[in-house]
Amino acid sequence: MVITDSRPAPPPPAPAAPPASRLRRWRYRLSIARHEPTLVIGFVLTLLLLYLVIAPLVAVLSDAFRVQFGDEPKTGQPAGGWTGYYLWRVFRSQISSILFWQPLVNTLMVAVGVTVLALLLGGVSAFLLTRTDIAGRKWLSTALVVPYMLPSWTFALAWLALFKNDRSGGQVGILEARGINTPDWLAYGAVPIIICLGVHYFPFVLLLFGNALRRLDSQLEDSARVLGAGRRTVLGRITLPLMLPSLSSSVLLVFGRVLGTFGTPYILGLPVDFNLLSTSLFSSVKNHEPGITAVLATVIVVIGVAVVVADARLLREQRRFVTVGSKGAMSRMISLGRWRRPAGLVAAGVFVVGVVVPVLTLALSTVTTTPGVFRGDNFTLKYWLAADLPGAPGFPHGILRGTELFHAAWNSLRIVGLAAVICGLTGLLIGYVVVRADGSRIAGLLRQVSFLPYLVPGIAFAAAFLSLFAVRRGPVPALYGSVTLLVIVLAVTHLPYASRSGISAMTQLGREPEEAAQVTGAGWLTRIRRVVVPIQRGSLVTGIVLPFISGIKELSIVIMLTTTGTQLLTTLSVNLIDYAYDQMANAVVLVIALVAFLATYLTQRLTRTSLASGLGG
Amino acid sequence: MSSSTPSRRRTGSIVAGLSLAVLAIAACAPSTATNSTGSGTDEAAYAEPVIDSDFDLAALTAAAQKEGSVTVYDSTGDIKKVADAFQKKYGIKTNGTKSDVGDTLEKMTREAQAKNVTIDLTLYEDGPSLVGQLLPQKTVYSWIPADLADQIDEAGRNPLMVLSKANVWIYNPKVFPNGCPVDNLWDLTSPDWKGKVTMQDPLGKPNIVEWFNQMGSSYDDALRTAYKAETGKDLSTTESSAAKEWVKQLAKNQPVLTTSDDDVSAAVASPNQTEPRIGLVSIAKFRDIEGKKYQMKVCDTLKPYVGYQYPKYGAIATGTKHPNAAKLFLRFVLTEEGISPEMGSGGISSSKAVAPSKNNPPGLTDWPNQLMTFDSSKLLTDYRDAQSMQDFWRLNHH
């Protein structure tokens, strides 16, 4: 039987401390620290992370209670004084329902809707891919992850290109242009937002859930059947309870992501005045209301924390058991028989809806002058190639001409790449400390702190970083407008992925190889460089690639922090939307998707790792 | 999920304890608000514009060329052409960027606080936040080139105005061959036009909110007269002004709101458009008649006014690293050569030496009589009233 208590063996007993004075004990510890600097590194990492994660949040929180410049007449207090005005305005004033309550209800509704949809799509496809002999299984398991590589608002843009009606001004979408009326509820608001985000996030569930299903030993189910349990009992008493951790994990991860998502709700919500907390936050930033921004950001963070705490509580019991599926494990395939092909077609259909349709729609829009009119004279390559585009003073040539696109692409690669490498290395180091110093307070603290950024939705994080690093704080110079700030923000916000992957990889690496090196006289740095990193190459790559993919299509965070000279691909695309050059904006989105896809594909090819191994755990 | 450790509970409480400690320490860190405090609580005073007494154009040009580059933010894409012209003339690398006033305000404020200024100057459309925030916080200052000072009227000096542009109501002459279908601003609030009035979202476009406020302070009688002409009755309203009543009725009439006025002009005037619509756009959009074959005309029969003039101000970042290049650029846009790229579809320079544009859109011939004008002396009041007007709009539009 394979349910075991997975608590690690107690650490080897420390060499008996000499019964001597405190001083000697400290000296002894110091000399240990020199050879085994795990704790010291852990301490430094923890302090650094606490500063980078908690300090911005505190800065934003304090903005919520202080009179901001220009609000003196409204609050009757000098700027900088304490006030409850912003709280009142957000929670109790006449417009609080527009600013906060309605967006809160909408946010919860959308989050629940997206989670359900993602679970449905992800759960079913995970089951089909891991437990059945569905046709085209291998191909599908790569293809179905692709929606996650497209920027999330790709779906929104594609949706508009298809369904946009005359409710929102501008050009109508393809359907409307062909005489098919699309009602408002289908074109804008909750329904399309839920569908677009659901399609974007289901690969998340697919990866987590699929991994867990794969590890689940079907002998457990067989044993139950042998003992006389019916199908339903097996499902209810064996399979589901064992799947609960990954189930709740994916629910809450998706839920948490939706809270901070800004692009899609912004694009699809405005025409019908459908606001989420994230878009409400964004408009208060745009209206230059730092007090309101602070209150809203705080609320989003609180909800995010609540979600993760709930997750931890739910899992507390489950965590003590893991299924050890190494030797006796057996995965029983369900034969679909004549349903093999239809099932494969359905799964391929999900791929078509999630990838082919949006990408093709966008691609089509970039080569037509007037959307939805498919006549010879309406097709053009000018948005890609033209040397001169009349009527577009903001971007007077095709996107492949001039330097803007390449400059932005280079910035994206440079900044996101650097952040991803920092992320990967830090993640591995965190994994090292957490595992090697297991049981110590630092290890526990570091494990939790490194996951903290996940609780903070991107847009709230950006607002917080703006508050903190806009001015000089002690030894930390003002970072606003610098590349450094972008790198730090991206690295910190994507650290949870990397530290997850680092911790789970380090758990599998015993002390022995390192001890062997130590015996031959290798110092700590040498051990890391020559032993740990080479062995962990695979997980290091995952720890770099995941943040990279996620960062290259990141919008919520960078949109508030980029300035002249630090234009990224994503901000370039949003700028083009602001100029109303839809075709060119869509073209840039395609470029982003291409970069993200190539990066993943190449790394998978070169290192034989897969995305799945990083997200799991 | 990783396995648990024996000391889970303990670590949990330590995390909580440590986080609290950090919170306490960080709470002592000053908030952004206190750092940005400029003046006191009373009148947000702002400095008079600077006029250099020892102005020497040749010296300024030389110094500017030495600085090598300049970055200017403006809310129109035409700024690129101005930047190119400037670069060509002086050999100074010039970066002209289109940016919403809200973004410009946020970025300039943050850059000034961070003392890392990349935006050297701005051509800025939002007078209220200019005199309410940027000037009193000393993020920017107003500067007038001494050699052109005589050409600029007193009304356009504090803060320095560069150009007047206009937002006008437009219609599609292909859909309405007999001219504009409405002749009174109050028509737009009638059931006939429900869901057919297209404009930029006032919450994202400060000059629309300012227009609402200026209508209330300067054009109350005009609106009441128009109402009487339309209905034959005197306007009776519980709102504080006729303008507010009009704004309320318009908001309730389900106008189609967009993020940019390109979407407004596309909705009214794009080639495949057949729906009856009225839209409020900047006259800059008339370039699309040629560029994108749009069908649009100013609604010249509209009473009391067919739209409004809005000023565009020029201001230099206080912490700029290219002070001379910024000054030279600002002087450049006060000359015909510098401003004409922005007057491609109409506009009036603040400098009397520059003739009004001859490219006014069809139907807009007489600016002073056809358009409302903003009163610069009411900018501070407009700044204070901006939020309540936004709230008023939100409450009625919802």
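The values are calculated or read from the model by the stated rules, or taken from the named source; none is laboratory data. Remember, predicted model here, so these are calculated numbers, not experimental data. Cβ sites come from the backbone with ideal geometry, for glycine too, and all protein chains shown count toward neighbours. Areas reflect the complete protein model, heavy atoms only, side chains present, ligands, DNA and RNA absent. Shrake-Rupley method; radii C 1.70, N 1.55, O 1.52, S 1.80 Å.
Applying the criterion of being without any contact (Cβ under 8 Å) to a residue 40 or more places away in the chain and among the small types (Gly, Ala, Ser) to the residues of segment B:87-121, the residue that is surrounded by the most Cβ atoms within 10 Å (Cβ to Cβ) is B:96.
Being over 21 Å from residue B:128 (Cα atoms) and open to solvent by less than 10 Å² (accessible area, probe 1.4 Å) holds for only one residue in B:328, B:371, and it is B:328. Taken over segment B:353-394, the residue count meeting the criterion of being free of Cβ contacts under 8 Å to residues at least 60 places away in the same chain and within 14 Å of chain A (Cβ to nearest Cβ) is 3.
On the stretch given as segment B:78-116, residues that are assigned to a strand (DSSP E or B) and within 7 Å of another protein chain (Cβ to nearest Cβ) total 3.
One line per residue, one yes/no per condition, for (1) over 30 Å from residue A:94 (Cβ atoms); (2) more than 17 Å from the chain's Cα centre (by Cα); (3) surrounded by 22 or more Cβ atoms within 10 Å (Cβ to Cβ):
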{"site": "B:287", "(1), (2), (3)": "yes, yes, no"}
{"site": "B:301", "(1), (2), (3)": "yes, yes, no"}
{"site": "B:304", "(1), (2), (3)": "yes, yes, no"}
{"site": "B:307", "(1), (2), (3)": "yes, no, yes"}
{"site": "B:314", "(1), (2), (3)": "yes, no, yes"}
{"site": "B:323", "(1), (2), (3)": "yes, yes, no"}
{"site": "B:359", "(1), (2), (3)": "yes, yes, no"}
{"site": "B:381", "(1), (2), (3)": "no, no, no"}
{"site": "B:385", "(1), (2), (3)": "no, no, no"}
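Restricting to segment A:382-413, name every residue that is open to solvent by 90 Å² or more (accessible area, probe 1.4 Å) and within 34 Å of the chain's Cα centre (by Cα). Before you say what the answer is, go through the steps one by one.
Just the residues of segment A:382-413 that are open to solvent by 90 Å² or more (accessible area, probe 1.4 Å), to begin with: A:388, A:390, A:401, A:403, A:406-407, A:410.
Selection gives A:401, A:403, A:406, A:407, A:410.
Note on segment A:421-442: among residues that are under 18 Å from residue A:550 (Cβ atoms) and crowded, with 21+ Cβ neighbours inside 10 Å, the one that is nearest to the other protein chains (Cβ to nearest Cβ) is A:430.
The residues in segment B:345-361 that are in contact with a Pro (Cβ under 9 Å, 6 or more places away or on another chain) and either in a loop (DSSP other than H, G, I, E, B) or basic (Lys, Arg) (or both) can be counted, and the count is 4.
Among the residues making up segment A:82-105, those that are facing chain B (nearest Cβ under 9 Å) and not hydroxyl-bearing (Ser, Thr, Tyr) are A:94, A:95, A:98, A:99, A:102.
Here residue B:295 passes the criteria (1) open to solvent by less than 60 Å² (accessible area, probe 1.4 Å); (2) within 24 Å of residue A:176 (Cα to Cα) except the one numbered (1). For segment A:64-92, a tally of residues being within 34 Å of the chain's Cα centre (by Cα) and over 24 Å from residue B:380 (Cα atoms) returns 8. Looking at segment A:332-440, the helices (runs of 4 or more DSSP H) lying wholly inside it that each contain 1 or more residues that are among the β-branched types (Val, Ile, Thr) sit at A:340-351, A:357-366, A:404-436. Is there any pair linking a residue in segment A:55-67 that is within 7 Å of another protein chain (Cβ to nearest Cβ) to one that is assigned to a strand (DSSP E or B) and of a type in the set (A, V, I, L, M), with Cβ under 9 Å and at least six apart or on different chains, and which? Listed pairs, sorted by first residue: none to list. Applying the condition of being β-branched (Val, Ile, Thr) and buried (at least 23 other Cβ atoms within 10 Å of the Cβ) to segment A:578-598 and asking which residue is nearest to residue A:493 (Cα to Cα) yields A:592. Taken over segment B:228-246, the criterion of being in contact (Cβ under 8 Å) with a residue 24 or more places away in the chain, open to solvent by 40 Å² or more (accessible area, probe 1.4 Å) and of a type outside the set (D, E, K, R) is satisfied by B:229, B:231, B:240.
Taking first residues from segment B:124-149 that are within 12 Å of another protein chain (Cβ to nearest Cβ) and among the hydroxyl-bearing types (Ser, Thr, Tyr) and partners that are open to solvent by less than 10 Å² (accessible area, probe 1.4 Å) and in a strand (DSSP E or B), the Cβ contacts under 9 Å between residues at least 6 apart in sequence or on separate chains come to B:139/B:315; B:139/B:317.
Give A:220, A:315, A:242, A:213 a once-over and let me know the one that is within 13 Å of another protein chain (Cβ to nearest Cβ), modelled with pLDDT under 80 and either at positive phi or surrounded by 19 or more Cβ atoms within 10 Å (Cβ to Cβ) (or both).
On the way: A:220 fails: within 13 Å of another protein chain (Cβ to nearest Cβ); A:315 fails: either at positive phi or surrounded by 19 or more Cβ atoms within 10 Å (Cβ to Cβ) (or both); A:213 fails: within 13 Å of another protein chain (Cβ to nearest Cβ).
Just one listed residue meets the conditions, A:242.
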